[in-house]
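The next block holds one structure in the form of structure tokens; read it before the comments.
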2 protein chains.
Amino acid sequence: MVEHSGLDITCLNKYCHSTSSFNSDKEKKLFTKLKVNLTESYPQKNAEVLSAQYGTNILLLGVSLMLPLSYHATAVREEHLLSFITTLMLLQLLWMVCYTIRRERHRDLRPEKDAHAGTSWIRGGLTMLALLSLIMDAFRIGYYVGFKACVSAVMGVYPVIHALHTISQVHFLWFHIKDVIKRYETFERFGVIHAVFTNLLLWCYGVMTEAEHFFNKHMKRLSDLGYQNITTENLGPPCNCTTSACTVFSTSLYYLFPFNIEYHIFVSAMLFVMWRNIGRTIDHRANRKKPTTPTTALVFGPILGLLALASTIGVLVVYSIHIEESLETRVAAISMFYCYGVVMLVAMCVAGGIGLLVYRVEGLPLDTTENPSRQLDAEVLLGSSVGAWIMSWCSIVAVVASQTNPRYRWTSLAYSLLLILEKYIQNLFIVESLYRCRLEPGERDLRAQTPPAPEIFSVGGSMVPPYNGITNQAFDGQDRCCGTLESEQSDSGQVYGCPRKHSEVPLPVVSSIMIRRSSRKREILKNITVFLFMCNISLWILPAFGCRPQFENGLEQETFGFTVWTTVLNFAIPLNLFYRMHSMASLFEVFRKV
Amino acid sequence: MVEHSGLDITCLNKYCHSTSSFNSDKEKKLFTKLKVNLTESYPQKNAEVLSAQYGTNILLLGVSLMLPLSYHATAVREEHLLSFITTLMLLQLLWMVCYTIRRERHRDLRPEKDAHAGTSWIRGGLTMLALLSLIMDAFRIGYYVGFKACVSAVMGVYPVIHALHTISQVHFLWFHIKDVIKRYETFERFGVIHAVFTNLLLWCYGVMTEAEHFFNKHMKRLSDLGYQNITTENLGPPCNCTTSACTVFSTSLYYLFPFNIEYHIFVSAMLFVMWRNIGRTIDHRANRKKPTTPTTALVFGPILGLLALASTIGVLVVYSIHIEESLETRVAAISMFYCYGVVMLVAMCVAGGIGLLVYRVEGLPLDTTENPSRQLDAEVLLGSSVGAWIMSWCSIVAVVASQTNPRYRWTSLAYSLLLILEKYIQNLFIVESLYRCRLEPGERDLRAQTPPAPEIFSVGGSMVPPYNGITNQAFDGQDRCCGTLESEQSDSGQVYGCPRKHSEVPLPVVSSIMIRRSSRKREILKNITVFLFMCNISLWILPAFGCRPQFENGLEQETFGFTVWTTVLNFAIPLNLFYRMHSMASLFEVFRKV
């Protein structure tokens, strides 16, 4: 979105030409001036590619250091990986300090801000996650102190630096995430992308550690049940703990992992939006922060949601106990999980479907002003769905192909099919909600007082082109959120709005009854959103705290083999956890907007 | 990019409101009209999400059917996968027929075309690949006839349908790939995305079959050399061939695979651009096809490129023979490969670096008009680099961590580092070339005759805003390629151009000497492009025809373990092959443009 300070000319693709020699003094002077400018401003596209490639390579190097760990190779150990991550964090710290100091120095130049990036509630949520991460760091330090004698010093340095990194990063996010950087663009681009990929790497590390933890626990369970004859390797350090709290620390760590993992991926998503904003020219009209809509009667949504949440916790407890008892209870626990899942997913599908129907009845055009933050939200939502989808399709193939016939076979099939459908519907609902136009009460009143004289069109379609004079603004080239005014004009057949586009619905005429109807619809949508929000929490809690029947049910292992299926799960489960967290965030946004 | 047929109004974010009830006859009529419109035009964003999700799920189901094959499970066999793919191809055929018929019927409505999508040379190249695919299908049919007695009928049906699919698809690409669909948008969106993902699935299937082929050959080699005691499973059908040509067919298939694989991924990229174009409003000014620049003195580029190509073929032959002979020659072959690689990559880095330097000296702004085809090119280039990068980083970690010390240890380290650097530089060069403005000779002459009266600005910066009247065009909101005219105006200090933006360099003044200099620069750039093109062919040929030292050198297997390393390679090698093919296509585009 470009705003040319009042100047918008049809700028044809003209001629580009170079200047590297000069034959008059005039040109010489101009050339020197040009040269200075060249060194200052590197083309934006190149700076993007340069920094994106740098970031990708940092991540890939980190992943290459992680892969040998899964093989338990002796040459590459966790210390090496941690040293690398620590170095990256220190570099990021350095950059953040530089950035903050520079900003302070140029305080007088009020920087542009992107109102859509990092809303205060998302920053609040992140702060909570960061606090839990800090507790985790404290536990790690405690654990290190206990095993100091036989563990590399890096294991102690890492949590200290990580805590420092977390604190400064949260500070940075609170005060600078909305900044639209306009100075030293190329340099800052590197700084921001470094931060993005450092957090992504920390996420990968968290996911890997968590998967390992879970895997070891799973193997122990299996050997306890007499399934397999596995002598679980002693994975702890080769000496005794000098303090009494070591087991407490390591057990607690397991429960704090999920929060730390989500913290890092959220931070990288936020920083990525900041990176996309660098050098961008904000459209001030689209950049106004929308006020939150008033909360209407919330009854069904919260009640049903709380019910879902309560039953989830019940299922989690029963599952965790039964899965370890005996083979009989194990099968019962898995069956219970699938039955519970089917009920939940049906409810979610119905809720999402109703929401979509409401939107179809409304039939309003979508708001498509530029908003990198929202665009990323939608893309990430679709991208992270892939995890659960591949898992579900594999389960379906396995169930159909399976030669054994456990009790939960067909429930598991229904569960997988519903999971695919649920994500399909929920994504549609969230994306449509995020892109939907809405009536803003405050704005409406304001607008009613100042009739927009030059922009009158008749509903019939014949439009009178306005003359905007010299200050004719650049049009951003995309559809915009257009609508009508519920004023007396509606009776005379005249509404205010944008010129119609091919694929746009005609602008509806509104009346007071419609406003009442609309508020009823808003009520429905708000309730649905609350319900879906709570359901997503539920479906996050289960796998995050170890309820993963995909590992236990045996159907998929039979068809895919242990290695392939474990690989699929190690890819899909973290992605699915992220999907749930992310859809919670998006649904909260939807709730405030509807 | 939106063109509002002469109407551009500053369209503020207004109020959206719903209409679902009516209290007067007037409104009732309007509402009925609205309802009809609603069923016709589903919001574009939703249609996108709907169809994208559909396509993703098709692909994921296909992948789930593929995964058990790698485990050699008995429940899911190749026939099942092939039946699924055949169904998808038939569906695509049906859609293509429907589409073509509908287009024929509405022949009078001249459809909009995107000039940048599917240039004729790319369609020509695809036709070549398609022909090779057809030969492959013929071989497959021949192979099926030989083993008819003991092989499922699907194995015979598949190549027949695939051949039919290939022929109709090439026909479709020739006549419809540039179409910008404006009717039945939602339906067509599903058709196009179905085609995209069917081709992606065919690509995946090709990659899988090829990897299996290669892997079996690799294992056979190892057991021949006495490395491992593997009894290679008899993977052929369980009966004897009734014709004499079976071995000829299966051997030839191996050499045709790479072309078939590239064919499918290219088609899906092209169709993806078509999908992105649905419902888009083309900016006719940016949509003019640029004429090809005249070919200047090409000496160094082609000579060095041919040298590289010749040496590559030499290396391929020597490698293929030596790797199977003895342990001694095996090590020699791997060493030779790395030495050759280092020389090639250094040359490529230098060439790319010179190209970038030339651009820096020129210092022109970039052309950023909307062009989905180019944008996809750049994204895919960066995305597919990940394959080679992860492979290289793993190799680096392995070399550093290795406890053995083969002759090629440090050469392999240099090779990996250079591979990362080469991709980094080449991507920068290609992206910058694609986004670069250029002087068009024909246009220049035309422009010199008709001075653009209303758009005169002084270099000093004070600009006179023009009045464009009613036909004031929509400005697409992005920077555009701006430049100056090499006319007498330069002396009087006046140039024609766009209003300056924050991050844009000032418009240079040009003279006749500069034109000569510029043509010298173009000469350098053309030579570099030809050289890089040939180098990329070379680096595609080697892995495509079985020269994959990453499998043979043993360093990475030691650090990562056989399973992890094979998984990494099975992901990275196909992506890298695609990268090389894609950069060849991009470099060809660059060659025509520079």
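Spatial offset of the stretch A:129-171 relative to the stretch B:384-428 amounts to 33 Å, using the alpha carbon center of each.
When residue B:242 is represented by a point 7 angstrom out along its Cα-to-C-beta vector, the spacings to that point in the other copies are 8.1 nm, nearest first. Relative to the other identical copies, residue B:157 shows label-point distances of 6.4 nm, where the label point lies 7 Å from Cα along the Cβ direction and values run shortest first. Rounded to the nearest 20 debye, the dipole magnitude of the stretch A:107-263 is 240 debye, with +1 charges on Lys and Arg beta carbons, -1 on Asp and Glu beta carbons, and the Cα centre as origin.
Each other copy places its own label point for residue B:94 at 6.2 nm from this one, sorted shortest first, where the point lies 7 Å along the Cα-to-beta carbon line. The calculated FRET efficiency for residue A:310 paired with residue B:149, based on their beta-carbon distance and R0 = 56 Å, is about 0.35. Rounded to the nearest Hz, the phi-derived 3J(HN,Hα) couplings of the stretch A:77-88 under the Karplus curve 6.51 cos²θ - 1.76 cosθ + 1.60 (θ = phi - 60°) are 10, 4, 4, 4, 4, 5, 4, 4, 5, 4, 4, 4, where x marks glycine and proline.
Spatial offset of the stretch A:533-594 relative to the stretch A:268-282 amounts to 28 Å, using the alpha carbon center of each. Dipole of the stretch A:369-424 computed with +1 at Lys/Arg Cβ and -1 at Asp/Glu Cβ about the Cα centre; of A:393, A:406, A:424, farthest Cα towards the positive end is A:406.
Read-outs throughout are calculated quantities, based only on the coordinates presented, and are distinct from any laboratory measurement. Quick caveat, the model's predicted, so the values are computed rather than measured. Cβ atoms come from the backbone with ideal geometry, glycine included; neighbour counts cover every protein chain shown.
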